[in-house]
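Have a look at the structure below, then the notes.
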Amino acid sequence: MRIAVCDDERHMLDLIKRKLYDYSNIHNWESVIDTFDNGNELLKSKTKYNIVILDYQMNEIDGLETAKLLRKGHNSQACIIFLTSFPEIAIPAYDVDTYRFVLKDNIDDGLTKALNDFRNIQSYDITLCVKVDGEQVSLNSSDIAFIEVVDKICYLHMNTGKVIETKTSLLSLYGKLPKTHFYKVHKAYVVNFSYIARRNGNDIYLKNYNLSIPISRNYLTTFKRKYYNFLNDLIR
C-alpha cells in the first residue's frame with residue numbers, strides 16, 4: 001500500500017504517519033508512507049499512490065487545487081482523503097471525487113473509519129499472471145490455497161485440487177499477492193489464510209488437504225500476529 005500524506009504542519013504529518021503505520025500493522029498492510037509539507041512537492045512525486053491524505057487548508061497551493069492537479073496525472077485513481085478543521089468545505093471538494101473528509105479534531109475516529117471503509121471495498125481477489133509452458137495464464141488469487149517450491153519449481157495448489165506448475169520464483173509470486181491474506185510461512189511455502197483449518201504448534205493444516213505445512217521458527221511470531229489480524233478482520 002503506497003500512501004501519501006500532505007500537510008504543512010510538521011506535527012500533523014508525524015501524527016498521521018504514526019497512526020497509518022499502527023493501522024497497517026493491525027490489518028496486515030505492507031505500507032510505504034511518504035510525507036510532503038506542501039502540494040507542489042506532492043505533485044512532483046512520480047510515485048503512484050493508493051491513498052492520498054491532503055490537508056485542505058495549506059499555503060502556496062491548497063488541498064483542493066492539489067487534488068485537481070493530481071486527478072490530471074498518474075494519481076488520477078488515488079483515493080483522496082481530506083483533512084480539515086472546517087466541515088463546510090465539503091461541497092466544492094466533491095468535484096475531485098473526494099473519498100472522505102476527516103475533521104482534525106476527530107482525527108482518531110475519523111481516520112480509522114475512512115481507512116476501514118477503504119479496506120472494505122478493496123478486494124483481495126487480484127488477477128495473478130504466471131508463465132506456464134511458455135504461455136501466460138491468469139489466475140484468481142482467492143483460488144490459490146497454497147504455493148510450494150521444489151527444486152526451483154513452484155506449484156500453485158488451487159482450491160479445485162488442480163496444481164499449476166511454473167518456473168516463476170516464489171519470491172516473485174509472493175510479491176504480487178495481497179499480504180492481508182497470504183503469508184510466507186517457510187522458505188518453501190506461501191499459504192492463503194482463508195484455507196487454514198487449524199494450527200498445531202509449528203504446523204498448519206489446510207481445509208480439504210491431507211497434509212501439514214511447517215512454519216519456520218523465523219516466521220512463527222509474525223505469522224501468529226498476521227493470522228490473528230486476519231481472523232479479527234473477519235468478525236469486525
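Would you confirm, using the coordinates I've provided, whether Leu69 is among the aliphatic types (A, V, I, L, M), touching a Leu at 6+ places or on another chain (Cβ under 9 Å) and modelled with pLDDT of 90 or more?
yes
For Glu88, indicate whether it is out of contact with any Ser or Thr (no Cβ under 6 Å at 6 or more places or on another chain), acidic (Asp, Glu), outside any loop (DSSP other than H, G, I, E, B) and modelled with pLDDT under 90.
Yes; evaluated as a whole, the condition is true for this residue.
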Tally of residues being within 20 Å of Lys162 (Cβ to Cβ) and without any contact (Cβ under 8 Å) to a residue 60 or more places away in the chain across the range 209-236: 2
Inter-residue pairs, beta-carbon under 7 Å, first within 24 Å of Tyr183 (Cα to Cα) and assigned by TED's automatic domain parsing to the domain that holds Thr84 and in the range 13-30, second of a type in the set (Asp, Glu) and assigned to a helix (DSSP H, G or I), 6+ apart: His27/Asp233
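The values are calculated or read from the model by the stated rules, or taken from the named source; none is laboratory data. Here the structure is a predicted model, which is why all the values come from computation and not from measurement. Virtual Cβ from ideal backbone geometry, glycine too; neighbours counted across all protein chains shown.
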